Amino acid sequence: MRLRAYLPSLAALAILVCIAIVVGRGYSGGVLSADWIDREVRGQGGSGELLFVVVGAFATALAVPRSVVSFLGGYAFGFVQGAALALLAETIGCAIAFVCARGFARRAVRERMGARVRRLDAFLAANPFSMTLLVRLLPVGNNFATNLAAGVSRVGALPFLLGTLAGYAPKTVVWALAGSGVEAGASLRVAIAALVLVGSGAIGVWLYRRYRHGRSLGVEVEKTL
């Protein structure tokens with residue numbers, strides 16, 4: 001068999017090794033908190049930025065809410081840089097979960113999430129980038145479950161990750177904006193962030209109703225929307 005056939009499994013193995021290193025060095029305890037940011041990230045230059053991205057990526061891959069990563073990105077680096085680094089970390093985290101599911105957890109994910117995988121596969125099949133973007137803009141749904149389900153579906157990695165990057169951006173910007181206003185006490189920033197959060201969710205709902213063309217993500221989503 002060609003080496004290409006082994007790439008997903010090799011990538012998954014590399015990811016597990018990285019996780020072991022992170023845990024072994026003690027980065028798993030007390031991370032992604034304001035105290036940790038102040039102690040390990042702020043004022044550390046490039047090494048602090050890299051540490052934030054690495055820890056944020058693995059945290060996202062392990063189902064830590066993206067809002068935490070985005071908020072602390074804004075808190076640590078300010079609005080623009082914080083949003084950019086958080087978005088990078090979150091997209092890498094999505095890729096980690098996607099690759100792990102596709103590389104070695106396909107059977108386990110299908111056994112536990114068979115119906116969700118089939119729905120997501122059918123929903124994304126026609127236009128993976130656009131429909132992934134739509135899914136990410138919705139104010140409902142489980143981000144971690146979506147990553148795993150997509151990993152064992154037929155959807156290509158590149159359009160799924162690009163759609164995720166674009167769809168993650170609004171909420172990442174919102175939470176980074178909120179985080180950047182904490183120290184300054186900028187209540188206006190937090191209010192604007194809340195409005196943008198509601199607005200991006202409303203756009204996602206509108207797009208879902210307009211462009212799903214009879215496809216559905218499930219009864220639980222339909223009831224919510």
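The values are calculated or read from the model by the stated rules, or taken from the named source; none is laboratory data. Being a predicted model, the structure only gives us computed values, none of them experimental. A quick note on method: Cβ atoms are made from the backbone with ideal geometry, for glycine too, and the neighbour counts reach across all protein chains shown.
Within segment 51-64, the set of residues being closer than 17 Å to A95 by Cβ, among the aliphatic types (A, V, I, L, M) and part of a helix (DSSP H, G or I) comprises V53, V54, V55, A57, A59, A61.
Among V23, V53, which is the only one that is at pLDDT 55 or above and of a type in the set (A, V, I, L, M)? It would help to see each step written out before you state the result.
Numbers: V23 fails: at pLDDT 55 or above.
Only one candidate qualifies: V53.
The set of residues in segment 150-164 being surrounded by fewer than 17 Cβ atoms within 10 Å (Cβ to Cβ) and either in contact with a Leu (Cβ under 6 Å, 6 or more places away or on another chain) or in a helix (DSSP H, G or I) (or both) consists of A157, L158, L162. If you filter segment 174-185 down to residues that are small (G, A, S) and modelled with pLDDT under 85, you find that the one that is nearest to V80 (Cα to Cα) is S180.
Of the residues S67, S28, the single one that is assigned to a loop (DSSP other than H, G, I, E, B), among the polar types (S, T, N, Q), within 26 Å of G151 (Cα to Cα) and modelled with pLDDT under 90 is S28. State yes or no: is G74 farther than 27 Å from V99 by Cβ and either of a type in the set (S, T, N, Q) or surrounded by fewer than 17 Cβ atoms within 10 Å (Cβ to Cβ) (or both)? So G74 fails the test. The set of residues in segment 134-173 being modelled with pLDDT of 85 or more and among the hydrophobic types (A, V, I, L, M, F, W, C) consists of A157, L158, F160, L161, L162, L165, A166, A169, V173.
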